[in-house]
Each structure stands twice: as structure tokens, then as C-alpha cells.
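Worksheet: the structure to be examined is printed underneath.
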Amino acid sequence: MSASCDPRHAPVGDVGAALMLIDSRLKQIHGGRTETDPDQQEMIEQYVASLGPRGVEDMLQGACTLIYLFMKWLRAAYEDHGKDVIEYVVPSLVATMRIMPRSIPPEVIPTMVGLVVAAGTGLSPNLWREQYGDWTKEEMTPLEATTFLLAEHINRLTDDPDFATRMVAEALSGADKAWGAAED
């Protein structure tokens, strides 16, 4: 594995904030709403603005960590059935992104696919993306959409609309407990 993209060397970021955003979107869609609630959108924008530049960077890293965790789960699930995760995740991801040109400009789709392929091959999406410079404003919504689409893919496979977010929340809770025990 390339040491420059080894997940052990990657910043984790604010996984909790990224998970909260994705969970909010999942609940919105599963609640039958395809349009963003203006009040909810304003609350999210205020929250993100309150984070400041460092907090936003942490949330971006958290989103990439979610992509890594989701792809790690998907890779294990597909390998259990003798299938390749890239073959079963990337085409539907690209097809979905292509039908959303207002939210996901075609020129950022290769970057989002690169994040997913990096994670699917065991590399850190954070470190893979870092080699191409700073995040752009045009990549923010596609990054959120990529994370959302992977969570939704997991939820469909498990037939549980909350599985992906619950899986990460439980992992975070377990890490918090382990961290607390280590400090004692």
C-alpha cells in the first residue's frame, strides 16, 4: 500500500458533524421530501458557518472518513458474495451523479469517483484528494452527495434506512468508551 495514502496516516476529521449532515439528508429523503426544507437548510448553513475555516476542514475530512468507512463495509459485504465493490458501486454512483447536473457538475464526478475508488482499494480518500490541492467550492455539494449515496447504498443492501448512520454512530460510541477507559 502506498504510504502516502495509508489510512493510518490520515486525519479523521469531524466525523460526527459529517454524519449529522448525512443523517439529516437521509431522513429528509426517507420522509418523502425531495426539496430541502428552507428552515433546515438555513440551520445547516448557520452550523457550518459557525465552524469557521478549521471546523469546515475538519468536517470535510470527516466526510472523507465516512466514505472510507462506508466503502470498507461495502467491500466486505461484496467480497462475502465473491463480488468486486468497485464494479457494483461505482457505475450506479456515476449514473446517479450524472442525472444531477445542477448539484453535481460533470467536471467534479471524476474526483468523487476517485475518492470512492481510493477508499474501495484501502486508501485514504483524505490523503488521495490532498495531493490535488485545496478543496473547491464546486466540490462541496458533490462530496456530500457522494457520502449520502454510499450511505443509501448500504441502507438499501441491508433493507434498513438507518443502518449506515447507526453503524458509524455505534463505532464512534465504542471509540469514545475505549478512549475514556484508556484515560482512566
* Asked: Just how large is the dipole of the chain about the Cα centre, in debye to the nearest 20, putting +1 at every Lys and Arg Cβ and -1 at every Asp and Glu Cβ?
  -> 400 debye
* Structure fact -> Scalar couplings 3J(HN,Hα) for region 106-116 by Karplus 6.51 cos²θ - 1.76 cosθ + 1.60 (θ = phi - 60°), nearest whole Hz, x for Gly and Pro, are x, 6, 9, 4, x, 5, 5, 5, x, 4, 5
* Structure fact -> So, with points 7 Å from each Cα along the Cβ direction, the E138-T158 label distance in nm works out to 3.5 nm
* Of all accessible surface on the chain at a 1.4 Å probe, what whole percent is carbon and sulfur? -> 56 percent
* Structure fact -> Contour minus Cα-Cα span, E79 to I99, at 0.36 nm per residue, comes to 4.3 nm
* Could you give me the ³J(HN,Hα) list for region 5-14, computed from phi with Karplus coefficients 6.51, -1.76, 1.60 and θ = phi - 60°, whole Hz, x at Gly and Pro? -> 10, 5, x, 5, 9, 8, x, 7, x, 8
* **(i) 76, 38, 31; (ii) 49, 39, 35; (iii) 43, 42, 37, with the label sought being that of the calculated Cα extents along the principal axes in Å** => (iii)
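If you count only protein heavy atoms with a 1.4 Å probe, what accessible area per residue comes out for the chain, rounded to a whole Å²? Intermediate results must be reported in sequence, preceding the final value.
Details: 10260 Å² over 184 residues.
Roughly 56 Å² per residue, with all protein chains present.
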* Structure fact -> Expected vector for region 74-79, Karplus 3J(HN,Hα) from phi with 6.51, -1.76, 1.60 and θ = phi - 60°, integer Hz, x for Gly and Pro, equals 4, 4, 5, 5, 6, 5
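The values are calculated or read from the model by the stated rules, or taken from the named source; none is laboratory data. These figures come from a predicted structure and were not determined experimentally. Cβ coordinates were reconstructed from backbone atoms using ideal geometry, including for glycine residues, and neighbour counts include every protein chain displayed. In case anyone asks, the SASA skips ligands and DNA or RNA and just uses the protein heavy atoms, side chains included. Shrake-Rupley method; radii C 1.70, N 1.55, O 1.52, S 1.80 Å.
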